[in-house]
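So the structure is just underneath, and the comments pick up after that.
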Amino acid sequence: MTNKLKEHFPMLRDREELKEIIQKNEKLKFIFENWEGEKQQEFLDLCTGAKGLKVMYDPYFKEAANPEYHPERLENFLSIALKRKVKIRNILPNDSTRISDESSLLITDIIVELEDGSIANVEIQKIGYYFPGERSACYSADMLLRQYKRTRERYGKKFSYYQIKNVYLIVLFERSPKEFKSFPDEYLHHSKQVFDSGLQLKLLQEYIMIPLDIFHKTMQNKSIETPLEAWLTFLSSDNPERIIELITRFPEFKPMYETLYQMCRNVEDVMGFFSEELRILDRNTVKYMIEDQENQLKEQEQMLKENELRLMENEIRLKEKEMQLEEKDTQLEEKDAQLEEKDAQLEEKDAQIQKLMKQLEEYKK
């Protein structure tokens, strides 16, 4: 099979050359042989260009769009996502409590302060968490509180709420949560708080959610046309034809791929973080499956309770109908008794009439 990417990135090694490097190094050979055959092929494909790189993996993304070395790249993505020109002023530390609590399924988490003082948090998730709305609201609130504390410390007695700027939470899902499936043609969701009365107040939290699996479905049989489509293709596609189309139509992405493929020449480093990604993915997939099963059990328990409630309601309705029928039977029995009583009264009156008629006949004689 022709390696089309190698024609554009000559620094890529041939498969046999890469395998020879691994076999000559006992450490690399040990790591490689402990992978399953499928993972061995995946690694060889990535490093030789038979398949494109998974840019969403943390080491690749942070190398390609590192705001410390290449701020203009992340600035470009943020400008497109936020639909306004932005410039990065500082890189902020992650919340260590959050990272340890939610390392599961979280691929990348970068927080930057923009030139106007606003905060942008870019997250990439392998598999979308449960409760994406509630979770996003909590971490947006956390970012806002952290900004509030920093601003108070910076300005002291001169502090004003006017100095607190927007916080943006931008979340990209490789596999989106079920809530997004109801919108099969939408791959960018933007939210900010507004009043239904039209009252204008500056509320500071905004959210951008990007389900990349839905993006790929909408791009089937379509060419890459817009800067947003270019960025989302760069972040999520490992299809060589798509990558070649991307760097042809948007050549500014080629240096990013060159940076990443240059990384691939350091086989030991790449094998190290590839192993780490596999370990994290295995652990987190198991955790996700457990969480998913727990959630399904809770849903099933809820369904059973709802079914039990419906059965109880049906039973009550049946008893009410039985009581109504018994009441009607009683009413019918009472009517039958009344009819029998009237029949007796009529028979008695008929007898009296017959008696009177007989007396009348005797009188006529």
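Tabulated results
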{"item": "Tabulated pairs, the range 128-156, first more than 15 Å from residue 191 (Cα to Cα), second assigned to a helix (DSSP H, G or I) and modelled with pLDDT under 90, C-beta under 6 angstrom, 6+ apart or interchain", "result": "129/135"}
{"item": "Subset tally (residues that are in a strand (DSSP E or B) and among the charged types (D, E, K, R)) for the range 173-190", "result": "2"}
{"item": "Failed condition for residue 239, given (1) open to solvent by 20 Å² or more (accessible area, probe 1.4 Å); (2) farther than 25 Å from residue 120 by Cα; (3) at pLDDT 95 or above", "result": "(3)"}
{"item": "Filtered residues of the range 114-128 (kept if assigned to a loop (DSSP other than H, G, I, E, B) and either among the polar types (S, T, N, Q) or buried (at least 20 other Cβ atoms within 10 Å of the Cβ) (or both))", "result": "118, 128"}
{"item": "Subset of the range 133-170 [among the aromatic types (Phe, Trp, Tyr) and open to solvent by 100 Å² or more (accessible area, probe 1.4 Å)]", "result": "161, 162"}
{"item": "Flag for residue 155 being among the aromatic types (Phe, Trp, Tyr) and assigned to a strand (DSSP E or B)", "result": "no"}
{"item": "Residues of the range 187-205 that turn out to be touching a strand residue (DSSP E or B) at 6+ places or on another chain (Cβ under 8 Å) and either more than 17 Å from residue 124 (Cα to Cα) or of a type in the set (Ser, Thr, Tyr) (or both), as a count", "result": "7"}
{"item": "The one condition in (1) open to solvent by less than 70 Å² (accessible area, probe 1.4 Å); (2) modelled with pLDDT of 85 or more that residue 55 fails to fulfil", "result": "(2)"}
{"item": "Breaking point among (1) open to solvent by less than 30 Å² (accessible area, probe 1.4 Å); (2) out of contact with any Ser or Thr (no Cβ under 6 Å at 6 or more places or on another chain); (3) of a type outside the set (S, T, N, Q); (4) at pLDDT 95 or above, for residue 224", "result": "(2)"}
{"item": "Conditions (1) assigned to a helix (DSSP H, G or I); (2) surrounded by 17 or more Cβ atoms within 10 Å (Cβ to Cβ); (3) not charged (D, E, K, R); number of the one not met by residue 23", "result": "(2)"}
{"item": "Failed condition for residue 233, given (1) within 23 Å of the chain's Cα centre (by Cα); (2) at pLDDT below 90; (3) hydroxyl-bearing (Ser, Thr, Tyr); (4) buried (at least 16 other Cβ atoms within 10 Å of the Cβ)", "result": "(2)"}
{"item": "Among residues of the range 175-191, those that are open to solvent by less than 60 Å² (accessible area, probe 1.4 Å) and charged (D, E, K, R), counted", "result": "0"}
{"item": "Test result for residue 331, over 57 Å from the mean Cα position of the chain (by Cα) and either surrounded by 10 or more Cβ atoms within 10 Å (Cβ to Cβ) or touching a residue at least 12 places away in the same chain (Cβ under 8 Å) (or both)", "result": "yes"}
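Here's the yes/no breakdown for (1) more than 24 Å from residue 45 (Cα to Cα); (2) of a type outside the set (A, V, I, L, M, F, W, C); (3) not in a loop (DSSP other than H, G, I, E, B):
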{"position": "206", "(1), (2), (3)": "yes, yes, yes"}
{"position": "210", "(1), (2), (3)": "yes, no, yes"}
{"position": "216", "(1), (2), (3)": "no, yes, yes"}
{"position": "225", "(1), (2), (3)": "yes, yes, no"}
{"position": "242", "(1), (2), (3)": "no, yes, yes"}
{"position": "245", "(1), (2), (3)": "no, yes, yes"}
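The values are calculated or read from the model by the stated rules, or taken from the named source; none is laboratory data. Quick caveat, the model's predicted, so the values are computed rather than measured. All Cβ positions, even for glycine, are placed from backbone atoms using ideal geometry, and neighbour counts span all protein chains on display. The accessibility values were calculated without ligands, DNA or RNA, using every heavy atom of the protein model including side chains. Shrake-Rupley method; radii C 1.70, N 1.55, O 1.52, S 1.80 Å.
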